[in-house]
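Data block below; observations after.
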Amino acid sequence: MKYQLILAVGLSALSGMALASGIPRFDVEGHCEQVASVGGSSNMLYNSCIDMEQQAYDNLKPAWSNLPGNIQSHCTDVSSVGGPGSYSLLESCVQMETEAANNRESFSFD
């Protein structure tokens, strides 16, 4: 139990970084504060953002460890450019990359 607590604290310290077996931890409140500030510190925008981020996180969490590492890494980078990170952006990226990987195009000289 003591070691689990130490591990949990250690993992929390790595927030914002992609973990090999775990979904990245983003500063959702910071992200949503940025979103809400665009609308003049709108509480409605903030709450809607929190709801969207929570739904995206809940959708991603059970599938994250089964995603290829290159998609995890790429989408973590994309979803955290210019800010604290966004699970809704992460989810969109994962969906698009997974679909593209399943439908790779080929070039033809015909």
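How many residues are farther than 18 Å from Gly82 by Cβ and either touching a residue at least 40 places away in the same chain (Cβ under 8 Å) or assigned to a helix (DSSP H, G or I) (or both) if we restrict to the stretch 27-44?
Residues flagged as farther than 18 Å from Gly82 by Cβ and either touching a residue at least 40 places away in the same chain (Cβ under 8 Å) or assigned to a helix (DSSP H, G or I) (or both) within the stretch 27-44 amount to 2.
Taking Glu97, is it without any contact (Cβ under 8 Å) to a residue 40 or more places away in the chain, within 15 Å of His31 (Cβ to Cβ) and in contact with a helix residue (DSSP H, G or I) (Cβ under 7 Å, 6 or more places away or on another chain)?
Details: without any contact (Cβ under 8 Å) to a residue 40 or more places away in the chain: yes; within 15 Å of His31 (Cβ to Cβ): no; in contact with a helix residue (DSSP H, G or I) (Cβ under 7 Å, 6 or more places away or on another chain): yes.
So Glu97 does not fit the description; no.
Being assigned to a helix (DSSP H, G or I) and at pLDDT below 95: is that true of Ala101 here?
Details: assigned to a helix (DSSP H, G or I): yes; at pLDDT below 95: yes.
Spelling it out, Ala101 is indeed assigned to a helix (DSSP H, G or I) and at pLDDT below 95.
Failed condition for Leu89, given (1) open to solvent by 90 Å² or more (accessible area, probe 1.4 Å); (2) within 18 Å of Gln55 (Cβ to Cβ); (3) part of a loop (DSSP other than H, G, I, E, B), with all others met?
All conditions are met except number (3).
Any idea which of (1) over 25 Å from Met52 (Cβ atoms); (2) open to solvent by 90 Å² or more (accessible area, probe 1.4 Å); (3) among the polar types (S, T, N, Q) is the one Gln95 doesn't satisfy?
(1)
Taking Gly10, is it open to solvent by less than 100 Å² (accessible area, probe 1.4 Å), in a loop (DSSP other than H, G, I, E, B) and at pLDDT below 95? Walk me through how you get there before you give the answer.
On the way: open to solvent by less than 100 Å² (accessible area, probe 1.4 Å): yes; in a loop (DSSP other than H, G, I, E, B): no; at pLDDT below 95: yes.
Considered against the rule, which asks whether it is open to solvent by less than 100 Å² (accessible area, probe 1.4 Å), in a loop (DSSP other than H, G, I, E, B) and at pLDDT below 95, Gly10 comes out as no.
The values are calculated or read from the model by the stated rules, or taken from the named source; none is laboratory data. Fair warning: this is a prediction, and the values are worked out from it, not measured in the lab. Using ideal geometry, Cβ is built from the backbone for each residue, glycine included, and neighbour counts are taken over all protein chains shown. Accessible surface is based on the protein model in full, side chains and every heavy atom, while ligands, DNA and RNA are left aside. Shrake-Rupley method; radii C 1.70, N 1.55, O 1.52, S 1.80 Å.
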